[in-house]
Amino acid sequence: QVRLVESGGGLVQAGGSLRLSCAASGRTFNSYAMGWFRQAPGKEREFVGAISRGGAITKYADSVEGRFTMSRDNAKNTVYLQMTGLEPEDTAVYYCAARSSPIFSSTWGSYDYWGQGTQVTVSS
C-alpha cells in the first residue's frame with residue numbers, strides 16, 4: 001500500500017510559477033513509476049506528466065511540454081512538478097499517482113494509487 005500526499009498548490013498570477021510536491025509513504029517508492037494528472041471543473045481528468053522509477057525518463061502532455069518539469073528524489077520518497085509560465089487554462093486540481101510498473105503511462109486508469117489532490121488556480 002502506498003499513501004500519496006500532494007502539496008504546493010495555491011493561487012498564482014498568469015506567467016508565474018509553482019512547484020508541487022508529492023510525498024509517498026512506504027519503503028519501495030523507487031519501484032513505482034509516477035504520474036501527475038489534473039482535473040478542471042466540468043472536465044475529465046487529464047494526463048500532465050510521468051516519470052520513470054529512476055527519474056531518467058519523463059513524458060509530458062503537449063499542453064505543458066516546455067513549461068512543466070517532473071523530477072523525483074527517491075531518497076526522500078518525493079516527486080515534484082515544477083510549473084512555469086502558468087496560464088489560466090492550467091487551473092485544476094492536480095493529482096499525483098503511483099504505478100507499480102517500470103513503465104510509466106499517460107492513462108490514469110493504469111495507476112494503482114492516488115493522492116487527494118492539490119488545487120492550483122491561475123488568475124489572468
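The values are calculated or read from the model by the stated rules, or taken from the named source; none is laboratory data. Just so you know, these numbers come straight off a predicted model, no measurement behind them. Glycine gets a Cβ as well: all are built from the backbone with ideal geometry, and neighbour counts include every protein chain shown. Just so you know, the surface numbers come from the protein's heavy atoms only, side chains and all, with ligands and any DNA or RNA stripped out. Shrake-Rupley method; radii C 1.70, N 1.55, O 1.52, S 1.80 Å.
Quick one: in the range 72-90, of everything that is among the hydrophobic types (A, V, I, L, M, F, W, C) and assigned to a loop (DSSP other than H, G, I, E, B), which residue is nearest to S25 (Cα to Cα)? Filtering first and then ranking leaves A75. Only one entry of S21, S63, S105 meets the criterion of being at pLDDT 95 or above and either among the hydrophobic types (A, V, I, L, M, F, W, C) or part of a loop (DSSP other than H, G, I, E, B) (or both), and that entry is S63. Is it the case, given these coordinates, that E6 is of a type in the set (D, E), open to solvent by 30 Å² or more (accessible area, probe 1.4 Å) and modelled with pLDDT of 95 or more? No; evaluated as a whole, the condition is false for this residue. Within the range 39-55, residues that are under 23 Å from T91 (Cβ atoms) and open to solvent by 70 Å² or more (accessible area, probe 1.4 Å) reach no partner that is in a loop (DSSP other than H, G, I, E, B) and of a type in the set (V, I, T) with beta carbons closer than 8 Å at six or more positions or on different chains. Just one of the listed residues (G35, G55) is of a type outside the set (A, V, I, L, M) and at positive phi, and it is G55.
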